[in-house]
Amino acid sequence: MSFLDVLYFIIPSAIYYAAPLIMTAIGGVFTERSGVVNIGLEGVMIIGAFSSIVFNLKYAATLGGWTPWVGLLVALAVGAVFSLILAVAAVSFRADQTVAGVALNLLGLAVAVFSIKMIYDKGQTDSISERFSRFDIPVLKDIPLLGKMFFTDVYGTSIFAIVVAFIAWFIIYKTPFGLRLRSVGEHPMAADTMGVNVTKMRYIAVMISGALGGIGGAIYAQAIAGNFSATTISGQGFMALAAMIFGKWHPLGALGAALFFGLAQSLSIAGASIPYVKDVPQVILLILPYVLTILALAGFIGKAKAPKASGTPYIKGKR
Amino acid sequence: MKKRKIGLALSALLASGTLLAACGSDKGDESKKSGSDKDKFSVAMVTDIGGIDDRSFNQSTWEGIEKFGEENGMKKGNGGFDYLQSASESDYNTNLNNLVRRNFDLVYAVGFNLHDATSEVAKQQKDAKFAIIDSVIEGQDNVASIMFRANEASYLAGAAAALQSKTGKIGFIGGVEGDIIGGFEAGFVAGAKAANPKVKIDIQYAGSFGDASKGQAIAKRMYDSGTDIIMHAAGGTGNGLFTEAKERKKKDAKADVWVIGVDRDQYDEGKVNDKTNITLTSVLKRVDTAAEKVSKDTKDGKFPGGKTITFGLKDKGVDLADDHGVFTDDTKKKIDEFKEKIISGDITVPEKPEK
């Protein structure tokens, strides 16, 4: 593989690997910015993947090519409803947010696998027939160099994820809603005094994260895995959580971090066909993404600072 | 104080409940034991955490047992055939013991994950008979070990890939390095080299059995570099390989991309549309055949205790799936030749990859 071939391989792979992570990580940004820690992203992703696959299998015949996109909408709704559990426990009942999040993870997997068993009477679903497919973007794909890196074999979902990252940035930093969201996460009492409804803001934020996390899971299931089993989502939710922290609780940061994970991953795969690098023991290449992540976290990004009120329930009138 | 007393009373109640329940089931078994006549044979299995419908080992073992049961007019349940599903690793011992207490004549433990549990329970229950699949327990007379020479079927798959390849480059994606997947790799490489000494083989391990996105990226790299046929032995990671191949075929109907599946016929996974399918063939492990055969032997009083029985091409324990008319006549002929030579012993297929 020449240097250019390596680039042609690494960049598209990194982007498609990152898409589900970007979605979920941005969901995480929304909740944490409002002051609720959401460890349950993994569970939300599982539920999203599960619901989209079930929907896809059932309606592929009637909806045809649009099925996966409608599947995303279904995952959005189911994810938002599912995350309500966290909102009720953590915001209304002031339960420990980490514990509630872990419960979401356990519950998500259990509900999904149990339902698959009930619906299909087997441990995993069949493969879906309508899935997200790659396409070339006309005109742009003919640009020398860049065309082959960014505009051939593109997944619609990847573009969607990147667009969502920018929309999220705009909402959080440029709108009154975003300002309220951040203030609730930094100093809920001050926000409350100024007339911001803390409970409502936090509910909305948790549901947004559920919606985005559900979409993230649905993208993974419908673009990459192609079916649903207990291991379809295994750790992607936690990777998204890491991407959010790595990205310093900023939507664009999370976007960058998710792309970085994808880059490290595809670099380790491409290593097998780059001269000299391929003589390196395979173990080294396998651990490369994780080592790079630790190095990046430890050395290059500086101190990661969480929103101040993240993880603490807001109790009215308490100092 | 009062609260604590209630707590104590509750826990005592719970404990007695469990004890009583245990008594109850024991008695039930006792009566059944005396009721069933002696020449009646019963068989059961304990799954690993994959469950009875994992489209893999557990499922095929169960299918073998079911078939055996139906042929012999047995019923599901005590005194017939049954299974217990393990929800976690701590269930293995309990489930094995449970089935022994229910007086099953032969108990299967499916998968190498159950190795330690089976060995331990077999030492305690000397009268019970066990058979473990895909793992070897030595020196215990009441345990039979069932192994598969997947390398032999992989040899045929490798040969088929080398013969069918137009670019002269084929690939292999493994899950996690180890003895079992190593066998697939060794057979695949040996078969490919035997069929075409010039063939180039690209081998990469994903380091996981459940990472479809990584599988897809590896497949993309291999296809990008001119590989046209890729075999996988990587479980869920292999789903990514199917995704990548299907995407390529969808974009360009003339693209020469093929996948070789594993463990069971993965033809359904390779469906692009009604007319096209990217599955070349699959390497089959016929656990069902093996489970059926060992059950039959045990019933006839020929329980292979303490021994390791390996199922290869000869006993149809492994095989190559139907190619659905993709192989050329030449390929078919050569594969049959290789098959005969392996069965007759003229070719010995390596079990471990060369390093």
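Each reported figure results from applying straightforward, stated rules to the coordinates on display, with no laboratory input. Bear in mind that the values here come from a model prediction, so they are computed numbers and not experimental data. Don't worry about glycine lacking a Cβ; one is built from the backbone with ideal geometry, like all the others, and counts go over all protein chains shown.
Can you tell me the FRET efficiency between residue B:329 and residue B:72 if r is taken as the Cβ-Cβ distance and R0 is 56 Å, rounded to the nearest 0.05?
Working: r = 42 Å, r/R0 = 0.74.
Plugging the Cβ-Cβ distance into 1/(1 + (r/R0)^6) gives 0.85.
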Inter-centroid distance (Cα atoms) of the stretch A:36-61 relative to the stretch B:99-144, Å: 39 Å
Separation of the residue A:4 and residue B:271 label points, Cα + 7 Å toward Cβ, nm: 4.1 nm
Under 17 Å from residue B:339, Cα to Cα: aspartates and glutamates that are on another chain or at least 8 residues apart: B:152, B:315, B:319, B:322, B:323, B:329, B:330, B:351
Student exercise, the stretch A:107-187 dipole from Lys, Arg, Asp, Glu Cβ charges, in Debye to nearest 20: 260 debye
Two-decimal ratio, chain B, of alpha-carbon radius of gyration to 2.2 N^0.38 Å: 1.16
For the stretch A:93-193, alpha-carbon Rg relative to the globular expectation (2.2 N^0.38 Å, N residues): 1.72
Rule-of-thumb Rg ratio for the stretch B:166-246 [Cα; 2.2 N^0.38 Å; N residues]: 1.02
The stretch A:215-256: radius of gyration and largest Cα-Cα distance (Dmax), Å: 11.9, 33
C-alpha long axis of helix B:2-35 to longest principal axis of chain B, angle in °: 80 degrees
Dipole magnitude of the protein assembly as shown, debye to nearest 20 (Cβ charges: Lys/Arg +1, Asp/Glu -1, about Cα centre): 2700 debye
When the stretch A:1-98 is reduced to its Cα atoms, the Kirkwood hydrodynamic radius in Å: 15.7 Å
Whole-number Å³ per residue for the convex hull built on Cα positions in the stretch B:203-307: 123 Å³
Simple Cβ-charge dipole of the stretch B:197-328, Lys/Arg +1 and Asp/Glu -1, about Cα centre, in debye nearest 20: 180 debye
log10 of Debye I(q)/I(0), alpha-carbon scatterers only, for chain A at 0.06 Å⁻¹: -0.21
Label-to-label distance, nm, for residues given as residue B:314 and residue B:127 (7 Å Cα→Cβ offset): 3.7 nm
Whichever lysines have a C-alpha closer than 17 Å to that of residue B:129, once near sequence neighbours (fewer than 8 apart) are set aside: B:33, B:38, B:40, B:293, B:296, B:299, B:302, B:307
Karplus 3J(HN,Hα) series, Hz, for the stretch A:263-272 with 6.51 cos²θ - 1.76 cosθ + 1.60 (x for Gly, Pro): 5, 4, 4, 6, 5, 5, 7, 5, x, 5
Karplus (6.51, -1.76, 1.60) ³J(HN,Hα), θ = phi - 60°, over the stretch B:260-269, in Hz, Gly and Pro reported as x: 10, x, 9, 6, 9, 5, 9, 4, 5, 5
Relative exposure of B:254, A:278, B:129, B:220, judged by other C-beta atoms within 10 Å (fewest first): B:254, A:278, B:129, B:220
Shielding of B:217-230 by partner chains, average beta-carbon count, 10 Å: 4
Long-range amide H partners of residue B:320 with built H, under 5 Å: B:284
Per-pair calculated FRET efficiency, R0 = 35 Å: residue B:176 and residue B:198 via Cβ, rounded to 0.05: 0.70
Amide H contacts of residue A:124 (H built 1.01 Å from N, under 5 Å, at least 5 apart or other chain): none
Order of B:61, B:167 under a 10 Å beta carbon neighbour criterion, fewest first: B:167, B:61
Amide proton proximity set for residue B:261, modelled H, under 5 Å, gap of 5+: B:266, B:280, B:281, B:282, B:283
Cβ-based exposure ranking for A:239, A:194, in which fewest neighbours within 10 Å come first: A:194, A:239
For the stretch B:95-231, convex hull volume per residue from C-alpha positions, Å³: 117 Å³
Top positive-direction residue, dipole computed over the stretch A:91-170 with Cβ charges, set A:95, A:156, A:137: A:95
Karplus-derived 3J(HN,Hα), 6.51/-1.76/1.60, for each residue of the stretch B:184-191, Hz, glycine and proline x: 4, 4, 4, x, 4, 5, 4, x
Cα convex hull of the protein assembly as shown, projected area averaged across orientations, nm²: 36.1 nm²
